[in-house]
Amino acid sequence: MTQPTVGIAGRRVTGGVPVARVALTAAAGRLLRTLRATHGPLMFHQSGGCCDGSSPMCYPAGEFLTGDADVHLGDLVIAPSARSGVAGSGTAAQDPAGVDLDPADGGFTVPVWMSRSQYAYWKHTHLTIDVVPGRGAGFSLEAPEGLRFLTRSRLFTDREWYALDAMGAL
């Protein structure tokens, strides 16, 4: 499995341990840079259901309306390419607070939402958005690229879980 390399805006730190619900691989970050250049600001929604309904869907920001039936998991930070270590790599600095997100500089955030009913099942997991070859059947923006986003998950460690509980973020 590819390791997540992109930071999270507004992540919480408890006892020096960063706690985030969602991250992104470098490959997914590169694809998001391409999609943003074409479509402008972006968002993800991870709905429940079968087939592609359980894949993260990437939309132009605001095209998918969120409401009380959705949970905001966090904002993926795609750092300016000049600060990412490798130009255009999609990686971000470890501390999002230190990342200049001036759009003219190439940095941006992508909010990630999940349906509340799906969140009830996945609240114990850290999610990583990745990209693989293939074409999904949904309306996600990456479909014409011959790629599809997917979500990889792992259970939170005890330390992460206790930090989230202490913050009232469960």
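For the range 124-136, what does the Karplus curve 6.51 cos²θ - 1.76 cosθ + 1.60, with θ = phi - 60°, yield as ³J(HN,Hα) per residue in whole Hz, taken in order and with x for Gly and Pro?
Per-residue couplings from phi come out as 8, 10, 8, 10, 10, 7, 10, 9, 9, x, x, 10, x Hz.
Quick query: amide H of GLY48 versus all other amide H atoms, modeled in the peptide plane; which residues come in under 5 Å with a sequence gap of 5 or more or a different chain?
Amide H to amide H, under 5 Å and 5 or more residues apart or across chains, GLY48 pairs with SER115, GLN118.
Residue by residue through the range 143-150, what is 3J(HN,Hα) from phi via Karplus (6.51 cos²θ - 1.76 cosθ + 1.60, θ = phi - 60°)? Round to whole Hz and write x for glycine and proline.
3, x, 7, x, 10, 9, 6, 9
Would you mind checking which residues have amide H under 5 Å from ASP70's amide H? H placed 1.01 Å from N; only 5 or more apart, or other chain.
ARG116
All of the numbers you see were taken from the coordinates with simple rules; none came from a lab. Owing to the predicted nature of the structure, the values given are computational and were not obtained by experimental measurement.
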